[in-house]
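The numbers here are math on the coordinates, done by the rules we state, and not lab data. The model shown is predicted, which means the values in this text are computed figures rather than measured ones. Here the Cβ positions follow ideal geometry from the backbone for every residue, glycine too, while neighbour counts run over all protein chains shown.
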Amino acid sequence: MDMHLVRYGDEGYNVKLLQYALKRAGMDLGSIDGIFGRRTLRALQQFQRDRGLLSDGVAGKLTWAALFPYITGYTLHRLVQGDSYYLLSRRYGIPVPLIAAANPTLEEGNLQVGESVTVPLNLPVVTGEMPFSSLLTGLMAQGLLRRYPFIQSYSIGSSVMGRPLTALQIGEGPKQVGYNAAHHGNEWITTPVLLRFVEEFARAYVLGEDVAGLPAKELFAAATVHVVPLVNPDGVDLVTGAIATGDSYFEQARALSAYYPGIPFPEGWKANIQGVDLNLQYPAGWDIARRIKYAAGFTRPGPRDFVGLSPLSAPESRAMARWTEDRDFALTLAYHTQGETIYWRYEDYEVQNARQIGATFAGLSGYALEDTPYASGHAGYKDWYIQTYLRPGYTIEAGRGENPLPLSDFESIYAANLPILAQGLTLAP
Ligand SMILES: [Zn+2]
């Protein structure tokens, strides 16, 4: 993990990440506020003492390495004489099957002294306690892949700033289903919704449990779900402070934002880092979207609603289109916030069972099933997917309030959407 030195007096995203890790390591810290004050200093020094590290109150390389397991949710244990999964299970407070699942190349009955075992910690990998970033998403994905090696990941491209666009894949069924989140920077709370789903699905699969009332083993056999949890990493990093004031990308975005003084910066930022709205980039009524947005004053790059110079001109949208074409999904969900609404149609395209499946999703979540308003009804991912494939594709506006929705809304948003995410695998045609 390539982390900067973090010390007393610092502020910002790296301090939040430090506080998050210390908290998960059991340190008494108070709230994750991104301000490295006395309380954070005491917690860090205590952590360093507990681990036999130099207790200088500065988070450097060794300290971050010791904190790493609390962010990713796993640690490596070198086997000594007498070790067994049972003993590791007792010591780390984690069920034996989860240890076995994390080590598919080891034989439980034939463990060798000196071998390294991946041990899941008794913590979920994915939480809603911390504002998201491309870094945190990558670390959590790494944790999920180590704990559940039957999850696969692959690259679908990279962002303007070169951040990875990554898909996770779980299941082995013939039906291919595609879920994505965070086309929009200030809607990053949708990223942990998808990551948490992947984690709960994987865990339930290993333990033989249900996900939202459905046996995980049956879901696993019925479908393969592909998840892009973070379509717009640069935009998310801008909104959550992972790109800091003074960074040239931050300043460039701020300059673009200055042309739209009514939109708060960076909280109102939805676009990619070049000011292109990634969900107005798809070749489905793009000219209409352009006309509507230009008439509304969105005539140049900015925080939202600028359609770009041509369809799929942004690398993030282009990667999403290619990913979708390659995988031939039977059903797609595109996660946004907010409004507690499910949009199910594009123009007058007739998609078999689309309304019915949408109504089921609405019933499961308590969200409203609605037609897309004309002014926002073009050039979106869902619009393009429906037009291209004539298969059920949905935009889900999760949660309610003003974007970015607060972290405190995460658990209720997840609870409302978990049944949709699980049933999506069975309802896909
Ligand atoms: Zn959105």
Would you grab the residues whose amide H sits under 5 Å from the one on A284? Only those 5+ places off in sequence or on another chain, please, with H modelled 1.01 Å from N. A379
Out-of-range pairs (alpha-carbon distance over 26 Å; input K175/K217; K23/K217; K16/K270; K23/K61): K23/K217
Residue by residue through the range 268-275, which ³J(HN,Hα) values in whole Hz follow from phi under the Karplus form 6.51 cos²θ - 1.76 cosθ + 1.60 (θ = phi - 60°), with glycine and proline marked x? x, 7, 10, 6, 6, 5, 8, x
May I ask for the distance between the Cα centers of the range 314-358 and the range 1-39, given as a whole number of Å? 38 Å
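Would you calculate, for the chain, the mean residue ellipticity at 222 nm contributed by helices, counting each DSSP H stretch of 4 or more residues as -39,500 (n - 2.57) and dividing by all residues, to the nearest 500?
It lands at -12000 deg cm²/dmol.
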Pseudo-spin-label distance A255 to D28, built 7 Å along Cα→Cβ, given in nm, is 5.0 nm
What are the ³J(HN,Hα) couplings of the range 236-249, residue after residue, when phi is run through the Karplus curve with 6.51, -1.76, 1.60 and θ = phi - 60°? Round to Hz, x for glycine and proline. 5, 4, 5, 5, 8, x, 6, 9, 8, 3, x, 4, 5, 5
Using a simple spin-label model with points 7 Å from Cα along the Cα→Cβ vector, what separation in nm is obtained for D348 and E172? 4.7 nm
Distance (nanometres) between label positions extended 7 Å along Cα→Cβ at L41 and Q356: 6.6 nm
Counting only residues 5 or more places away or on other chains, whose amide H sits under 5 Å from the amide H of H183 once H atoms are built in the peptide plane? V231
Specify the inter-centroid distance of the range 237-287 and the range 63-102, based on alpha-carbon positions, in whole Å. 41 Å
List the residues, sorted by chain then number, that are 5 or more residues from G157 or on another chain and whose placed amide H is less than 5 Å from its amide H. L165
Assuming R0 = 22 Å, what is the FRET efficiency of Q112 and A65, from their Cβ-Cβ distance, to the nearest 0.05? 0.30
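Kindly state, to the nearest 0.05, the FRET efficiency for S84 paired with S155, given R0 = 45 Å and r defined as their beta-carbon distance.
FRET efficiency, S84 to S155: 0.75.
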From the backbone phi of the range 357-370, what are the Karplus-calculated ³J(HN,Hα) couplings (6.51 cos²θ - 1.76 cosθ + 1.60, θ = phi - 60°) in whole Hz, Gly and Pro given as x? 5, x, 5, 5, 4, 5, x, 5, 9, x, 7, 8, 8, 9
Contour excess over end-to-end distance, with Cα ends at D328 and T105 and 0.36 nm allotted per residue: 77.1 nm
